[in-house]
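Okay, so here's the structure we're looking at.
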Amino acid sequence: MTDQNKDNLWEELKLLQATVNKFDDFSYRIKNWFITVVIAITGYAISKPDRKLLYLNFVIVLIFYFYEITYRITQGDFLKRLREVQCLLREEIDLCDENISPNMDKYLFDIKHISDRNLFLRVQRRLKLEEARAKRNVRELNMICSRSWKYLFQFRISLLYWLMLFANIILLLILK
């Protein structure tokens, strides 16, 4: 491995670590806002016995859960590259073209496998969205739908959302 490649990998490692830390901060902020919004709506719904507001909480739980999952999935992509860079630096193997730094495109912006028949892509085209951005949006939506199930039972991520759902169900039963 040349010194230039090694320096590039070290710089990429620093950037990746900072990015992963920012995603952790985003997750923390999302949960704080989630708690604030749900408690405010729940408190108001209890003070003025209004079941409609408790139904709104179900929607809010879903919105915040999927919002956090989008960050978690993207963070996972960055973590994957971070581990690869760490491995490359540790083993000091010769780099092939796909491992030369920086190479986040293969992790984050793989948009060549999206069908032109995709409904969400067609809708975005009608809205006159830029093609690359529209395909990236479709990729992210597909990613969320296909990978969010694995986070559903990782309690460090989804326990708060589960607790709020159950608390909301109990409150709906009490406020008849």
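The values are calculated or read from the model by the stated rules, or taken from the named source; none is laboratory data. Since this is a predicted model, take the numbers as computed values, not measurements. In this analysis, Cβ positions are derived from the backbone assuming ideal geometry, glycine residues included, and neighbour counts consider all displayed protein chains.
Observations
- Some residue of the stretch 38-56 being closer than 21 Å to PHE155 by Cα and surrounded by 11 or more Cβ atoms within 10 Å (Cβ to Cβ): yes
- If you filter the stretch 153-176 down to residues that are of a type in the set (Phe, Trp, Tyr) and in a helix (DSSP H, G or I), you find that the one that is modelled with the highest pLDDT is PHE166.
- Residue satisfying all of: in the stretch 57-94; without any contact (Cβ under 8 Å) to a residue 24 or more places away in the chain and closer than 22 Å to LEU175 by Cβ; surrounded by the fewest Cβ atoms within 10 Å (Cβ to Cβ) among these: VAL59
- Criterion violated by PHE34 - all others in (1) of a type in the set (Phe, Trp, Tyr); (2) closer than 25 Å to GLU91 by Cβ; (3) surrounded by 17 or more Cβ atoms within 10 Å (Cβ to Cβ) satisfied: (2)
- Residues that are aromatic (Phe, Trp, Tyr) and in contact (Cβ under 8 Å) with a residue 12 or more places away in the chain occur at least once in the stretch 31-48.
- Some residue of the stretch 21-30 being modelled with pLDDT of 90 or more, among the basic types (Lys, Arg), farther than 19 Å from LEU172 by Cβ and surrounded by 14 or more Cβ atoms within 10 Å (Cβ to Cβ): no
- Residue in the stretch 124-133 that is without any contact (Cβ under 8 Å) to a residue 40 or more places away in the chain, within 20 Å of the chain's Cα centre (by Cα) and surrounded by fewer than 17 Cβ atoms within 10 Å (Cβ to Cβ) present: yes
- Test: residue in the stretch 121-142 that is within 18 Å of TYR71 (Cβ to Cβ) and of a type in the set (A, V, I, L, M): yes
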